[in-house]
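The values are calculated or read from the model by the stated rules, or taken from the named source; none is laboratory data. Just so it is clear, the model here is predicted, and its values are computed rather than measured. Positions of Cβ are backbone-derived with ideal geometry, glycine not excepted, and every protein chain shown enters the neighbour counts. Just so you know, the surface numbers come from the protein's heavy atoms only, side chains and all, with ligands and any DNA or RNA stripped out. Shrake-Rupley method; radii C 1.70, N 1.55, O 1.52, S 1.80 Å.
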Amino acid sequence: MSISIFHILGLILAVALIETVGILSVRKVKNANDFHTSGGKAGTWVVTGAIIGTLVGGQSTVGTAQLAFSFGISAWWFTMGMALGCVALAIGYVVPLRHSGSTTLLEIVRKGYGRKAEMTGSVLCSLGMFISIIAQVLSAAALLMTLFPMKFWVAAVIAAIIMTLYVVFGGLWSAGIGGVVKIILLCISALAAGVIVLVLSKGYSELIDSMKSVLLTSDIQSVSGFDNVKDFNFRYQYPFARGISKDVGSCLSVILGVLSTQTYAQAIWSGRSDSVARRGAMISALISIPIGFACVMVGMYMRAHYITVDEMNALAAIGKEIPAGMGVMTSSAQAFPMFVTNHMPKFIGGLVLGTLLITIIIGGSGLTLGASTILVKDVVKPKNTLRVSRYIIVGLQLMAIVVAASFSGSYINDLGFLSMGLRTTATFVPLTLALFFPGRFKSKWVFISIVFGTACLIIAEMVSLPVDSIYVGLLGSVLCCMIGYKKM
């Protein structure tokens, strides 16, 4: 890995740009309403920026490349789920959300089904968002550790500080305006990375051939677990490499997670009209698909040219050496940042590294803002909501640093899928009932559905059932609600 002054300058300039946007956005914040929903004055691109700014973060870039390193094109399900979730948000939820007269999703649940459902859903939904914040910290730490010789906790602290500074001043205005800057930089970066992969590999088919050469015919086969071409094709070219239930369930959890996340609802409420909010959601869907594809290509390219430290040690244990020309990564989470530093022109690479870091920063910041809004509006309900919101943002980031150390070896996207699943079981069913079927179900059973559905999800995760845990959680939630159906 070779880091030049151009890489460092690009990184510093990009971070300085986005931090300046966040700090200057404080001028637009006159009260708590401005902080949480930009006062309902945002245009299409600010709405899009607020959605993409949070939606396309470390999980959909660094995490997708990491998963593609191990599972090929099936890693695309996370960003496909994001796109489908934005479409569902635009078509089915924009108008009822905006006409609900609420500022949080769980406030809508309270109006339809009581305070107990609101409180319980708020805590569980915030927990789900907190897990996703941890994933963003892990992504940022992986990037910083690739660039600079530092320990994990140092990288995590730096990442958390940058995320906090970005959103603690301008709130939704920071997330929205910064998101517009991010969209421009991210589209250019993703397009550049995807094109460079295809040029270096001389096309997709050549990329696959080079991966086969490494994993099936070199010494790496002894630690890769592949016996033949059929095994390889299933792992890297089959869209359901982790199992149909697992991959479709993961996609479903992201779709429903988008509909159940406070941050995206805040973006919808920030729009100055229904049509503006709907366009913002649809544009977000269109943008997320090619970004995900480019990150998948990067992960697969790195699989053809790099091994992890664990694989290197496994080769050494059986008396074999690293094949000539292969690089070594500390972990698969470094696939994207190492591709940028080693295989892109230095100046462009510096800009991409900066874009990648601010992508993670804005994603983590937006989730932190959403979680703090839920806790302030639905749980704490203080007199000075603006000040307390900022305190909670700082507190969440401090906790994320501590907890992230326990997950440093995890697949980033697995944490993302778990986060979306928790948000779904805590919010999606009661929110949908409150929006479209208010008063048609007994409040007691709606409250029970939140607790039981989440418990089913967690148990399913712990015992590793053959079906994705999101199905189990949703089924438990729906069954409880059906028991409490009122005949009219």
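Key figures
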quantity: Any hit, the range 78-89, residues being more than 21 Å from Leu367 (Cα to Cα) and either at pLDDT 85 or above or open to solvent by less than 10 Å² (accessible area, probe 1.4 Å) (or both); calculated: no
quantity: Residue check for Gly57: out of contact with any Leu (no Cβ under 6 Å at 6 or more places or on another chain), at pLDDT below 70 and either outside any helix (DSSP H, G or I) or surrounded by fewer than 24 Cβ atoms within 10 Å (Cβ to Cβ) (or both); calculated: yes
quantity: Verdict on Ile483 being crowded, with 19+ Cβ neighbours inside 10 Å, of a type in the set (Val, Ile, Thr) and over 21 Å from Arg242 (Cβ atoms); calculated: no
quantity: Qualifying residue in the range 221-236 (condition: under 17 Å from His343 (Cα atoms) and in a loop (DSSP other than H, G, I, E, B)); calculated: no
quantity: Hits in the range 325-352 (condition: open to solvent by less than 10 Å² (accessible area, probe 1.4 Å) and without any contact (Cβ under 8 Å) to a residue 60 or more places away in the chain); calculated: Met329
quantity: Out of Leu97, Leu147, sole residue that is over 22 Å from Met163 (Cα atoms) and surrounded by fewer than 24 Cβ atoms within 10 Å (Cβ to Cβ); calculated: Leu97
quantity: Qualifying residue in the range 100-108 (condition: under 30 Å from Pro290 (Cβ atoms) and of a type outside the set (Lys, Arg)); calculated: yes
quantity: Restricting the range 218-254 to residues that are open to solvent by less than 60 Å² (accessible area, probe 1.4 Å) and of a type in the set (A, V, I, L, M), the residue that is nearest to Leu55 (Cα to Cα); calculated: Val254
quantity: Residue that is nearest to Thr355 (Cα to Cα), among those in the range 150-160 that are touching a residue at least 60 places away in the same chain (Cβ under 8 Å) and surrounded by fewer than 24 Cβ atoms within 10 Å (Cβ to Cβ); calculated: Val157
quantity: Extreme residue, nearest to Ile255 (Cα to Cα), among residues of the range 280-316 that are open to solvent by less than 40 Å² (accessible area, probe 1.4 Å) and touching a strand residue (DSSP E or B) at 6+ places or on another chain (Cβ under 7 Å); calculated: Gly280
quantity: Options Gly72, Gly10, Gly63; residue that is open to solvent by less than 20 Å² (accessible area, probe 1.4 Å), of a type in the set (Gly, Ala, Ser) and either at pLDDT below 80 or outside any helix (DSSP H, G or I) (or both); calculated: Gly10
quantity: Helices (runs of 4 or more DSSP H) wholly inside the range 382-456 containing at least 3 residues that are under 21 Å from Ala265 (Cβ atoms), modelled with pLDDT of 85 or more and open to solvent by less than 30 Å² (accessible area, probe 1.4 Å); calculated: 429-436
quantity: Test: residue in the range 199-220 that is hydroxyl-bearing (Ser, Thr, Tyr), in contact with a Leu (Cβ under 6 Å, 6 or more places away or on another chain) and closer than 20 Å to Thr308 by Cβ; calculated: no
quantity: Members of the range 100-143 that are under 15 Å from the mean Cα position of the chain (by Cα) and open to solvent by 20 Å² or more (accessible area, probe 1.4 Å); calculated: Leu127, Phe130, Ile131
quantity: Residue in the range 319-343 that is nearest to Ala159 (Cα to Cα), counting only those that are of a type in the set (A, V, I, L, M) and either at pLDDT below 85 or assigned to a helix (DSSP H, G or I) (or both); calculated: Ala333
quantity: Boolean, Phe130 is in a helix (DSSP H, G or I) and within 30 Å of Ile220 (Cα to Cα); calculated: no
quantity: Selected residue (only one of Thr373, Thr355, Thr359 is of a type in the set (Val, Ile, Thr), open to solvent by less than 10 Å² (accessible area, probe 1.4 Å), in contact with a Gly (Cβ under 7 Å, 6 or more places away or on another chain) and at pLDDT below 85); calculated: Thr359
quantity: Counted residues, the range 25-45 - those being at pLDDT below 80 and either open to solvent by less than 10 Å² (accessible area, probe 1.4 Å) or not basic (Lys, Arg) (or both); calculated: 14
quantity: Number of the exception - Ile348 against (1) in a helix (DSSP H, G or I); (2) touching a helix residue (DSSP H, G or I) at 6+ places or on another chain (Cβ under 8 Å); (3) farther than 21 Å from Leu147 by Cβ; calculated: (3)
quantity: Criterion: open to solvent by 30 Å² or more (accessible area, probe 1.4 Å), at pLDDT 80 or above and in a helix (DSSP H, G or I) - qualifying residue of Ile470, Ile459; calculated: Ile459
quantity: Breaking point among (1) open to solvent by 50 Å² or more (accessible area, probe 1.4 Å); (2) in contact (Cβ under 8 Å) with a residue 40 or more places away in the chain, for Ser464; calculated: (2)
